[in-house]
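Student: Sharing a structure below in structure tokens format, with a few things to ask.
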Amino acid sequence: MARAGNALRLAAVSGHAAGLGLVPGMALADARARHPALATQPHDPVADARALAGIARRLRRFTPRIAPDPPDGLILDITGCAHLFGGEEALCAAVRAATPFTMRQALAGHAPAARALARYGAAGQEDLATLPVRALELPDEALAGLRRAGLETVGALAARPAAAIAARFGAEAVVRLRRLLGEAAQPLDPLAHQAPLRFERRFAEPVGHQAAIARHLLALLGEAVRVLEQRGLGARQLLLTLCRSDGARQQLAIATSLPSRDPALILRLFDERIASLADPLDPGFGYDTMELAVPLAEPLGALQPGFEAPADQSAALAELVDRLATRLGPQHLARLVPRDSHLPERAQRLVPMADAPAPAPWPAPAADLPPRPLLLFDPPQPVEVIAEVPDGPPHRFRWRGMTHEVRLAEGPERLAAEWWCRPAGHLAGHGGLTRDYYRVEDGAGRRFWLFRHGLYDEAPVPRWYLHGLFA
Amino acid sequence: MVPDLAAVPLAAPGAFPPLARGQLHEVHCDAADWASALGFALAMAGAGHPGPLVLVRGPGRGAQLLQPCGAGLALLGIDPARLLILTVDNAREALRSALEAARGAALAGVVVEARGALPAYDLTVSRRLVLAAERSGVGLAVLRGDAPPRPSAAHTRWQVRAAPSTALAARAPGPPALLAELLRRRGGPAGLVWRLEWNDTDGTFQPCGEPASPTSAPARTPPSGAVVSLAARRTGAERSRAA
């Protein structure tokens, strides 16, 4: 279902719906009137294009020259490929078997003819002359004119002089007719095929010497960097596979946070990776093959470093992050990210560097917000508190066996629970306990953040917790 | 270690040497004063340079229980977006990571948290850290909680303790205050004690004299009649916001 103008129309129908008499282009209201139980989905042209590109990639094994014909066609140039699959018929069958969709196929000497036969011809038709003039895909007025003139088929039109056709139906009609008949060339725009970034060294004799291995790795990196440079890419992930002469394989993977093709940097990351291995690399009797693959690469333009300008700080930081992440593991590096909540433990989150959004300045706290502690206890620590009056600030509290006399206190700062996050939170008594926070300082000058969990009308005996420490 | 810092007369505020960039500093503290020592180290490291700060957090239950709070860091002049938190499995890894980080010039500072004895931290390792910090100009601080001082190549060694703050109106705790004793300093006098108080206008810890005793403060003497004490800040606003 798609929006065309102001009406919702069917963009595509399933085989079953087509059997019920529904056709693409029909208004949704008409279709619903005929079949009230009609199930519809919004039309997603982007997903269609992606699926088409996916099929094109899958059919690459039949021919290297595949051009997508949006919205729903593919043109395969099988010149010189058919015999590999046992002839044209067998190739067609193999293509049908390789795709999960129903399709109409047509073979012709050139692409526009095959396209027109597939879209407008009957199954198995090879004769272009009997195709309807619709196959020229001319504007509506030109088609209407052709019909009025009694020209129903391509063959009938082709029999007329070109000058007369051009004069009556436009020059475009002649161009399209000549392309369809193979008299004018229409270049095919096949999908560019990128060879995967994989570089290999095979050795006649196994290589076991560390210096030799390092030299070959450097050479592989040099090759990879050359190709990346040609394609304007930078590596984000690299995978080194070392095949030992006894059949064992060792794989080393590294990742960079910025695309890079700096061999020194990549080599340093590999060094870190090797240093962090639990059991060190053992070449045994030597390596037969070394293979360097780049599974993930991103565009990276050529950089012009300034002569005097300071080095880019963010690049230096990214390099440090990569080195530490390669050694410690990416989950060990984290950044604080603010969250939209007024509860202190939910107002922030520790997010691993790899998933963290780009650092943005911390949201400024409200002007009347009392100070927050430097360190938060997770979970809050239960404490025993004696208060002067039940609703007042603590007078003395006991934490980890130590008694702290409160010298100065400020509060309460009352924070309600997030009742909207609870299943029955809008009902009285189910919204969670309110917290009364107090900022207190003991006799030694240590500042604590205590809270009483629950008001006296919410909990009969509210408990006290230590939630944070101030500097 | 230090028996009672409060009894030691305070040194002149002008002689206070801030934790310089490009040097290695050791900050000793009791476990109870951890937040004060961390605030001291982070605020000192973060003040001199706008770059990112690396906080290397060690293993152990103590470290896992306490999480840095973004809003609290912002109060000490450190934008939490600048903070890179590194969690490591052992002390050796912590020192290696700190060394790695100190070699990059893009950072404002590196703070290493270490609780208890730190056998991996010896003269050689600390000398390496010193060299890396001197070359790159990154400020390095090793925070040592509940640990006896060990011989090291650090430029300064501090003992930090929370200090009673200057009370605000209505007996509310004032800005962060701490006592810092310079235990050791390469090429300089040591054994001096300063009382540092957070200065919100300057965004730094600044040495200052003794606070006015809260017992002599006029707020202490209760006015006649039943009067409800007023909070220093308007906390009642919280209720309308959260409810």
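Student: Round to the nearest 10 and give me the degree value, 0 to 90, for the angle of helix A:210-231's Cα axis relative to the longest principal axis of chain A.
Tutor: 60
Student: Please give the FRET efficiency for A:Ala366 paired with A:Trp419, using the beta carbon to beta carbon distance and R0 = 25 Å, rounded to the nearest 0.05.
Tutor: With a Förster radius of 25 Å, E is 0.75.
Student: Here's something else I'd like to know. Any idea of the total accessible area buried by the B-A contact, 1.4 Å probe, rounded to 100 Å²?
Tutor: That pair of chains buries around 5500 Å² in total.
Student: With every protein chain in place, what's the accessible area of A:Ser276 (1.4 Å probe, Å², nearest 10)?
Tutor: A:Ser276 has an accessible surface of roughly 40 Å² with all protein chains in place.
Student: Right, another one. Given +1 on the Cβ of Lys and Arg, -1 on the Cβ of Asp and Glu, and no further charges, what dipole in debye does the range A:375-469 carry about its Cα centre, rounded to the nearest 20?
Tutor: 260
Student: Continuing with this model, one more query. Putting +1 on Lys and Arg Cβ atoms and -1 on Asp and Glu Cβ atoms, find which of A:Pro460, A:Gly155, A:Leu376 reaches farthest to the positive end of the dipole of chain A.
Tutor: So the residue furthest toward the plus end is A:Gly155.
Student: Accessible area of A:Cys421, 1.4 Å probe, to the nearest 10 Å²?
Tutor: 80
Student: Let me ask you something else. Helix A:313-328 sits at what angle to the longest principal axis of chain A, using alpha carbons and giving 0 to 90 degrees rounded to 10?
Tutor: 80
Student: Next question, about the same structure. Which Cα, out of A:Leu91, A:Pro363, A:Tyr120, lies furthest along the positive dipole direction of chain A (beta carbon charges, K/R +1, D/E -1)?
Tutor: Farthest towards the positive pole: A:Tyr120.
Student: State the answer as a single residue: which of A:Ala56, A:Ala17, A:Ala37 lies farthest towards the positive end of the charge dipole of the range A:1-65, with beta carbon charges of +1 for Lys and Arg and -1 for Asp and Glu, about the Cα centre.
Tutor: The listed residue farthest towards the positive side: A:Ala56.
Student: Calculated from DSSP H runs of 4 or more alone, at -39500 (n - 2.57) each and per residue, what is the 222 nm mean residue ellipticity of the protein assembly as shown, nearest 500? Kindly include the intermediate steps, with their values, before the conclusion.
Tutor: On the way: 18 runs with 187 residues, N = 714.
It comes out at -8000 deg cm²/dmol, rounded to the nearest 500.
Student: Along the range B:168-174, what does the Karplus equation 6.51 cos²θ - 1.76 cosθ + 1.60 (θ = phi - 60°) give for ³J(HN,Hα), rounded to whole Hz, x for Gly and Pro?
Tutor: 7, 4, 6, 6, 9, x, x
Student: Now for a different question. Mind listing which chymotrypsin sites (Phe, Trp or Tyr not before Pro) in the range A:44-146 are in a DSSP loop and have 15 or fewer other Cβ atoms within 10 Å?
Tutor: Those that pass, being in a loop and sparsely packed, are A:Phe101.
Student: At a threshold of 8 angstrom on Cα-Cα distance, excluding pairs fewer than six apart, so keeping six or more, what relative contact order does chain A reach in percent?
Tutor: Working: 679 pairs, mean separation 34.3, N = 471.
About 7 percent, as a whole number.
Student: Cα centroid distance between the range B:5-57 and the range A:327-384, in Å?
Tutor: Each part reduced to its Cα centre gives a spacing of 22 Å.
Student: Ignoring everything but the protein chains, give the 1.4 Å probe accessible area of A:Glu137 in square angstrom, nearest 10.
Tutor: The accessible area of A:Glu137 comes to roughly 60 Å².
Student: Treating the beta-carbon of each Lys and Arg as +1 and of each Asp and Glu as -1, no other charges, what is the dipole magnitude of the range A:104-193 about its Cα centre, to the nearest 20 debye?
Tutor: Rounded to the nearest 20 debye, it is 120 debye.
Student: To the nearest 20 debye, what is the magnitude of the charge dipole of chain A about its Cα centre, counting +1 on the Cβ of each Lys and Arg and -1 on the Cβ of each Asp and Glu?
Tutor: Using only the charged Cβ atoms, the result is roughly 880 debye.
Student: What's the carbon and sulfur percent of the range A:2-43's accessible surface, probe 1.4 angstrom, rounded to a whole number?
Tutor: Its accessible area is 57 percent carbon and sulfur atoms.
Student: Same structure again: Using alpha carbons only, how many degrees (0 to 90, rounded to 10) separate the axis of helix A:45-58 from the longest principal axis of chain A?
Tutor: 70
Student: Over what distance in Å are the Cα centres of the range B:74-138 and the range A:48-73 separated?
Tutor: Cα centroid to Cα centroid, the span is 53 Å.
The values are calculated or read from the model by the stated rules, or taken from the named source; none is laboratory data. Owing to the predicted nature of the structure, the values given are computational and were not obtained by experimental measurement. Please note: Cβ atoms are built from the backbone with ideal geometry, for glycine as well, and neighbour counts cover all protein chains shown. In case anyone asks, the SASA skips ligands and DNA or RNA and just uses the protein heavy atoms, side chains included. Shrake-Rupley method; radii C 1.70, N 1.55, O 1.52, S 1.80 Å.
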